[in-house]
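Here's the structure, in structure tokens; my notes come after.
The values are calculated or read from the model by the stated rules, or taken from the named source; none is laboratory data. If you're wondering where the values come from, they're calculated on a predicted model, not measured in any experiment. Here the Cβ positions follow ideal geometry from the backbone for every residue, glycine too, while neighbour counts run over all protein chains shown. Just the protein is used for accessible areas: all its heavy atoms, side chains included, with ligands, DNA and RNA removed. Shrake-Rupley method; radii C 1.70, N 1.55, O 1.52, S 1.80 Å.
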Amino acid sequence: MLTAGCDIGSLSAKAVIMEDGVLVASHVIFAKPEPEESARAVMAGALSSAGASLEDIACCVGTGYGRNSVPFARAAESEITCHGKAAQWLNPGVRTVIDIGGQDAKAIRVDPAGTVVRYAYNDRCASGTGRFLEVMAGAMGIGVDDLGSLAAQAQDPVRLSNQCVVFAETEIISLINAGRGVPDIVGGLHRALAHRVASLARSVDLAQEVTMTGGVAKNPGMFQALEEALGVKLVRVDTDPQIVGAVGAALLAWQMAGGTA
Amino acid sequence: MGGQDCKAIRLDAKGEIEKFLTNDKCASGTGRFLEVMAQLLGVDLEDLGRMAARATAPVTLAGACTVWAQAEVVVHLNAGRPMPDLAAGVNEAMASRIAILARAVGIEKDVCMSGGVAKNAGVVAAMEKGLGMPLRRLKVDPQLMGALGAAVIAREKAGGNRC
């Protein structure tokens, strides 16, 4: 039985197709102006790589901020439920999921069945979300994908005195003018973000094992910085961390259609 | 209200400070918020205040964070909302942030606004609307208030004579 999950985020849209709880295809695109348009386009991509059509999908669940705009979904679930479900399913020992997206960050505690028992959430302040790194990369004229390798070259990461994205942007420009190297600045930025996210994670009581999901988890620099900030080893998800929400949606769809996830 | 911070100060009848709060951690609610928005809209800071007077239906900015508010303004801009409505929405968002700070120190009349941002008529009007009371206008340039206070203290230290 084929089921699908469609995660319509603020910056990207993700779709996965699973066959009886096994991942068969996934697709990621940049979000389009209309969430419904994103949903159709990303699902078409996933279906084509699975060699299937929409009629073959027994059940689809939508998630993400545009979850109510997925026209072919049977239900909409919060991304917190989906990330918790999928992270625990991918790594059964996981009890805490840290999800850093482009516009928010979440810390989710799950029980052994993958059910959410507690969560904390920041979408009020851009600092503490993926947007922080994005803005800073923009200010330095470097690509987001290069951040991780630059952070790895840091020898003496800078300590930022500002938390606010707007103030920190000015601060790093001064640091560049003062002759600080880009790797040290990038290293400092990762530490700053990790520090913010770590406070969020501690507020849900950091039960091990801990995993990291969401687009920012693709950045190896962030992975390491968060391990340092939390003082624990993070468990890696054995798939693209950006599609974890969609995987959770597809697992819930499988349950809804009578499968045993 | 300055370019990088914002303070709410409550005074007794003699001008002694009873309570105060500062925000210098978050750009929202400081002059920087207005600077960022003016730049985004491609207008001067002074125009932001002037244009707001012609607003008919100010836009609502839901997010407090400057970064998110920028994204919201872009959406309104792309939707073709007129500039005066955008400017007024920016001023109102700014005023609502500062009103929170002001209420936290306990508002007692008369209230006045000092600092460079107080030169922006749009923010002053939005503050009056937000606080539900008129603000007392200053007889001097609001930006000079800090220096003026320093000079008054200098005179006191000098025993009213030459420093």
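Every residue, every condition in (1) surrounded by 24 or more Cβ atoms within 10 Å (Cβ to Cβ); (2) within 14 Å of chain B (Cβ to nearest Cβ); (3) at pLDDT 95 or above, yes or no:
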| position | (1), (2), (3) |
| --- | --- |
| A:Pro183 | no, no, yes |
| A:Val186 | yes, no, yes |
| A:Ser203 | no, no, no |
| A:Leu206 | no, no, no |
| A:Val237 | no, no, no |
| A:Ala249 | yes, no, yes |
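Please work out if B:Leu101 is under 16 Å from B:Cys6 (Cα atoms) and either part of a helix (DSSP H, G or I) or within 14 Å of chain A (Cβ to nearest Cβ) (or both). Here the answer is yes, as B:Leu101 does meet what is asked. The sole residue among A:Ile80, A:Ile98 that is assigned to a strand (DSSP E or B) and in contact with a strand residue (DSSP E or B) (Cβ under 6 Å, 6 or more places away or on another chain) is A:Ile98.
Residue-level check: of (1) more than 14 Å from every other protein chain (Cβ to nearest Cβ); (2) at pLDDT 95 or above; (3) open to solvent by less than 60 Å² (accessible area, probe 1.4 Å); (4) in a helix (DSSP H, G or I), A:Val158 misses just (4). Considering (1) in the same structural domain as A:Phe132 (by TED's automatic domain parsing); (2) open to solvent by less than 30 Å² (accessible area, probe 1.4 Å), the lone condition that A:Val117 does not fulfil carries the number (2).
Yes/no per residue for (1) in contact (Cβ under 8 Å) with a residue 60 or more places away in the chain; (2) open to solvent by less than 50 Å² (accessible area, probe 1.4 Å); (3) in a loop (DSSP other than H, G, I, E, B):
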| residue | (1), (2), (3) |
| --- | --- |
| B:Gly2 | yes, yes, yes |
| B:Ile9 | yes, no, no |
| B:Ser28 | yes, yes, yes |
| B:Leu40 | no, no, no |
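Out of B:Leu77, B:Leu34, one residue alone is surrounded by fewer than 17 Cβ atoms within 10 Å (Cβ to Cβ), within 14 Å of another protein chain (Cβ to nearest Cβ) and in contact (Cβ under 8 Å) with a residue 12 or more places away in the chain. It is B:Leu77.
Rundown of residues vs (1) over 28 Å from B:Asp110 (Cα atoms); (2) away from every other protein chain (no Cβ under 12 Å), yes/no style:
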| position | (1), (2) |
| --- | --- |
| B:Lys14 | no, yes |
| B:Lys19 | no, yes |
| B:Leu41 | yes, yes |
| B:Thr56 | yes, yes |
| B:Gly63 | yes, no |
| B:Val67 | yes, no |
